[in-house]
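Novice: Take a look at this one; I'll ask things after.
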Amino acid sequence: MKVFKKHYKKILVVIVLLVLGIQFFRYVFPPFEMTPGTITVQEDTGIELKVKYTPVIYEQVTHYGTHDEVKRYFGKYEFILTNNTSEDIGWGGAYGLQVKRGGEWKNVMQVREVGFTLEMRHLPANSSETGNLNLQFIYGKLPIGKYRIVKDVSPYDSSWGPTYNIAGEFRVWF
């Protein structure tokens, strides 16, 4: 106990340097595959996409026919889609994840294959909607960096098909 009290500052510095070193290693050698980003994101559309991070522990249950797999994750991601236009928009559940590396956005490849339903959701003019993003389940633990979620939206009364892409940026700090 006396050794700890005498050297607690040195021990704390070693722990902090170790955590920073691990994060730096994960930043340089991310645990996922990246490809050049080819998605064009439209700005000033009147539609906003924000990503909110909450540091909580939550469980993801996956059903595999005869058994369930339960995994615990730290950190919950939510999106807030706001329609500030005068027309209704449609959007689906699918989204892409990109990371900024070397000044350019790169697509993050999924660690786990998941399917999204192809339903078109309705968002009336001057309203907003929130939903959950299963980022850690789909992409694994994200290393520090700047990320963005990319979603397709289109006028609700048009035939289904992406009219333009919007993005919501966020940072992962640890």
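The values are calculated or read from the model by the stated rules, or taken from the named source; none is laboratory data. Keep in mind it's a predicted model, so treat the numbers as computed, not measured. Neighbour counts are summed over all protein chains in view; Cβ atoms, including those assigned to glycine, are modelled from backbone coordinates with ideal geometry. Accessible surface is based on the protein model in full, side chains and every heavy atom, while ligands, DNA and RNA are left aside. Shrake-Rupley method; radii C 1.70, N 1.55, O 1.52, S 1.80 Å.
Novice: Check each of the GluC sites (Glu not before Pro) in segment 65-174 and keep only those in coil by DSSP with at most 16 other C-beta atoms within 10 angstrom; list them in order.
Specialist: GLU87, GLU113, GLU119
Novice: What does the net charge come to around GLY92 if you take all other residues with beta carbon closer than 12 Å to its beta carbon, with K and R at +1 and D and E at -1?
Specialist: Taking every Cβ under 12 Å from that of GLY92, the sum is 0.
Novice: Kindly state, to the nearest 0.05, the FRET efficiency for GLN42 paired with ILE15, given R0 = 41 Å and r defined as their beta-carbon distance.
Specialist: Result of the calculation: an efficiency of 0.40.
Novice: On to the next question. Please go through segment 86-155 and write out the chymotrypsin sites (Phe, Trp or Tyr not before Pro) that DSSP classes as loop and that have at most 11 other C-beta atoms within 10 Å.
Specialist: Qualifying residues, ordered by number: PHE116.
Novice: Rounded to a whole number, what is D in µm²/s for segment 1-156 from Stokes-Einstein with the Kirkwood radius over alpha-carbon pairs (10 °C, 1.306 mPa s)?
Specialist: Here the translational diffusion coefficient equals 86 µm²/s.
Novice: On to the next question. Report the extension gain between ARG101 and ILE22 in nm, rounded to one decimal, defined as 0.36 nm multiplied by the number of residues separating them, less their alpha carbon distance.
Specialist: Working it through step by step, the gained length comes to 26.7 nm.
Novice: Next question, about the same structure. Which whole-angstrom value gives the distance between the alpha carbon centres of segment 123-143 and segment 13-33?
Specialist: Here the two parts' Cα centres lie 26 Å apart.
Novice: Return the single residue from THR163, THR66, THR85 with maximal mean-square fluctuation; model: Gaussian network over the chain, springs between Cα atoms under 10 Å.
Specialist: Highest fluctuation among the options: THR66.
Novice: Continuing with this model, one more query. When the helices in the chain are scored as -39500 (n - 2.57) per DSSP H run of 4 or longer and the sum is shared across all residues, what 222 nm value do you end up with, to the nearest 500 deg cm²/dmol?
Specialist: Here the helix-only value at 222 nm equals -6000 deg cm²/dmol.
Novice: Same structure, new question: Of all the Cα-Cα pairs you can form in segment 1-90, what percent are over 17 Å apart?
Specialist: 78
Novice: Still on this structure: Find how much the distance from TRP173 to GLU87 grows on full extension, using 0.36 nm per residue of separation minus their present alpha carbon separation; answer in nm with one decimal.
Specialist: 27.3 nm
Novice: Something else about it: How much accessible area per residue does the chain have, counting only protein heavy atoms and a probe of 1.4 Å, in square angstrom?
Specialist: So the chain comes to 64 Å² accessible per residue, rounded to a whole number.
Novice: Accessible area of segment 1-73 with a 1.4 Å probe: how many percent of it is carbon plus sulfur?
Specialist: Here it works out to 65 percent.
Novice: List the lysines whose Cα lies under 23 Å from the Cα of LYS76, skipping any in the same chain that are fewer than 8 positions away.
Specialist: LYS50, LYS52, LYS100, LYS106, LYS141, LYS146, LYS151
Novice: What's the local net charge at GLU78, with K and R +1, D and E -1, over the other residues with C-beta under 10 Å away?
Specialist: +3
Novice: Treating segment 48-99 as a set of equal point scatterers at the Cα positions, no solvent, please give the Debye-formula log₁₀ I(q)/I(0) at q = 0.24 Å⁻¹.
Specialist: -1.04
Novice: While we're looking at this one, here's another question. Give me D for segment 51-142 in µm² s⁻¹, whole number, from Stokes-Einstein with Rh from the Kirkwood sum over alpha-carbon pairs, 37 °C and 0.692 mPa s.
Specialist: 212
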